[in-house]
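Below is one structure, written out as C-alpha cells, with a few remarks after it.
The values are calculated or read from the model by the stated rules, or taken from the named source; none is laboratory data. In this text, all values refer to a predicted model and were calculated from it rather than measured experimentally. Every residue, glycine among them, receives a Cβ derived from its backbone with ideal geometry; neighbour counts consider all protein chains shown. Only protein heavy atoms, including side chains, enter the accessible area calculation; ligands, DNA and RNA are left aside. Shrake-Rupley method; radii C 1.70, N 1.55, O 1.52, S 1.80 Å.
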Amino acid sequence: MNILLINPPEDNLIKNFAYDDGSQCLDSPDFGQFPPLGILYIASYLEKFAPEHKVYLLDCVSEKISYDALREKLKEIKPDLAGISSFSVALVDIVKVAQLIKEINPDAHICMGGHHTMVFPKEALELKNIDSIILGDGEKAFCLLAKALAGAKPVEEITGVYTKSSITKKIDGAGSKNVLLYDLDLVPAYTDNLDELPFPARKLLSHLEFFSTIGISKKFTTIVSSRGCPYHCTFCDVPHKKYRARSIKNIVDEIEDCIKQGYEEFHFYDDMFNITADRIIEFANEVLSRKLKFTWDFRGRVNTITKESLAIAKKSGLSMVSFGVETGTDEGLKYIKKETNIALIRNAFKICNDLKIKTVADYMLGFQFEKTKEDIRKSIDFCISLKPTYAVFGVLTLFPKTPVYYEAVEKKLIDPQRWADFCKNPTKDFYLDYWEEFFTRKELLDMQQEAFERFFLRPGYILKSIFALRTLDELKIKIRGFIRLVKGKFKI
Ligand code: B12
Ligand code: SF4
C-alpha cells in the first residue's frame, strides 16, 4: 500500500489572540518552525515494522505546500491509506485535505489522529471523509491499522482505533451525558515503554531548516523525553494523557544519533520534562560521561528546580528553561491548581539568573480572578520582576474538556454548542473562547499587547538582548522575530 502521513496546510487556521480584523500580536510562526514529531514517529515505526508498505510524509506547513501543489503530489502518491494529524484549530484544513484525498482516490482509507481526536472523538468520526480515528499514541495502532487494511481484516479490534460503527456502539452503551462533551469510556493506544519506539524519522525532512525564535542555531530540532503529565492545571487538557517517561540512556542515544545527522541544538518539548530534579541530574551526567557537545533547553515547572540540578545541567549544555509561570499571586496559582507558589517561582528564576541560564516566563492574562485592569497590570509587574530573558503573554483560552471550560459553561459565559457546530461543520470564522466576565475580547487582547510592549520595548531590555547575541544564526532568527513583533507596534 501507499501510505501518506500528512500535516495539513494552515491556510484556514483558527487564529488565537486575533482581533476582529485578523491582526494579532502573537501567531504560531512567531515561535519558529518545528518538526512534526508525531507523524515522524509514526513514519519511523512503519519503516521498521511494516516495511512492505511505501511511506510518504508531507508537512504542508514547514514544506509550504499549497493546495494546488498538494493536489499534484496526491496524484503522484495515490495514497491507499492516509493519516492526518489534527489540532482542533486546524479543522477547516483537515476537512479540505480529506476531501482532496478522496477526490483523487475515493477508496483511500483516511485516519485522523492527534489532539483533536482526543478531545472530540465522536465528532471527528462524524466528518464525511474520515474513516477511522486513533486515540493516544499513533505508532503501533496506525501500523496495525495498515496491516489490517492490507489484509482486508477488521480494524475495530485494534486498541485505540475507532470507526463510525465501533464508536456508535460505545456511545449507545454509555448514553449521551452531554450534547457536546462525551465522557466516553474509550481506550486510547498508549505505549507504556516509550523506549520501544524507533526515533522519529527526521531524515524525511532533513531538507528543511527548523528553528525556534528563542533558539540560537538552525541546526535545531525538538525532542520529547516523556509523554503526558501527572499535574492537573485547570486550563490544560494534557492531563487526559497518561504520563510515561523514556530511560535516560534511550534519550541520549537519540541525541547522539541526531548529532551524527548534524543537529547541535535540542529543545525538549515534553508536556512535563523536569518531573524530578534527579532526572535532570541523571540526564546531564549521561551527556557529560559521553562527552557530547550540544545545547539544549526544556519547558518545565518551577517546583522541582534546584541549584544543584541546574548547575550540572548547564555544564552539559543547558542554555534555557521555559517555565509555566501563568500568573502572579499565590491565590491565583492555587485557583488554577498549578501546585506552585510565588516563592518557588522567584527561587527558580533566581537560580537560573545566578547560573546565567536563559529563561522564558510563559504567562497568561484574563483569568477568572482578574477583575480589573489593575489586577492584570499587577500580574504583568510580577512577571517583569522575575527578570526573565523572554516572556510570552497569552490570553487564557478556554480549551474544550478542561476544568476552566466546564466552569465557564456552568456560568453560562460560553456556549458549548459553538464547538459542537464547529466540529461538524468547521468554518474559518470560528473563534476560541476567553473568560469574558470582566473584560471584552478586545480589552483582553489590548492588555496582551500592553504586556508585550511593557516587556519587550524597555530600552534596557533591548540593549541587553543585543549584547547577549552569540551566533550569526541567532542574530538572524532574532531579527526575524523582532520584525514580526514590532510590526504595527506588535499587531501583525
Ligand atoms: C511543538 C508544538 C507546537 C508547534 C507545532 C509544530 C509541529 N509541527 O508539531 C506550534 C508552535 C506550531 C504549536 C502551535 C499550537 N499549539 Co502546540 N504544542 C507543541 C508541543 C510543545 C509539542 C508537540 C510534539 O512534538 N509532541 C510530541 C509528539 C510525539 O506527540 P504528538 O504530536 O501528540 O503526536 C502523537 C499523537 O498525538 C498521535 N498523532 C499525532 N498526529 C497523528 C496523526 C495520525 C494519523 C495518527 C494516527 C496519530 C497522530 O501520535 C503521535 C505519536 O504517538 C505540544 C506539547 C506536547 N508535548 O505534545 C503542544 C500542544 C500540542 N500545543 C497545543 C496548542 C493548544 C497549540 C495551539 C492551538 C496554541 C494556540 N495558538 O493557542 C497552536 C495550534 C497550532 C496549529 N498549527 O494548529 C496543545 C494542544 C491542546 C489541544 N487539545 O489541541 C499542546 C498539547 C500544549 C498544551 N499543553 O497546551 N504547537
Ligand atoms: S500546564 Fe503543564 S504542568 Fe500543568 S497540567 Fe498542563 S502540562 Fe501539566
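Residue count for segment 333-352 satisfying the condition of being surrounded by fewer than 20 Cβ atoms within 10 Å (Cβ to Cβ) and in contact (Cβ under 8 Å) with a residue 40 or more places away in the chain: 7. Where strands (runs of 3 or more DSSP E) fall entirely within segment 255-347, those with at least 2 residues that are among the aliphatic types (A, V, I, L, M) and within 16 Å of ligand 1 (Cβ to nearest atom) are at 318-326.
Being open to solvent by less than 50 Å² (accessible area, probe 1.4 Å) and part of a helix (DSSP H, G or I) holds for only one residue in Asp68, Asp30, and it is Asp30.
Cβ-Cβ contacts under 6 Å between residues 6 or more apart (or on different chains), taken from a first residue in segment 259-275 that is away from ligand 2 (no atom under 16 Å from the Cβ) to a second residue that is in a strand (DSSP E or B), are listed as Tyr263/Thr221; Glu265/Phe220; Glu265/Thr295; Phe266/Ile223; Phe266/Trp296.
Restricting segment 207-254 to residues that are of a type in the set (Val, Ile, Thr) and in a loop (DSSP other than H, G, I, E, B) leaves a set whose member that is nearest to Pro35 (Cα to Cα) is Val224. Checked against (1) more than 16 Å from ligand 2 (Cβ to nearest atom); (2) farther than 17 Å from Leu205 by Cβ, Ile223 passes all but condition (2). Just checking, does segment 287-302 include any residue being within 26 Å of Phe31 (Cα to Cα) and aliphatic (A, V, I, L, M)? Checked segment 287-302: at least one residue is within 26 Å of Phe31 (Cα to Cα) and aliphatic (A, V, I, L, M).
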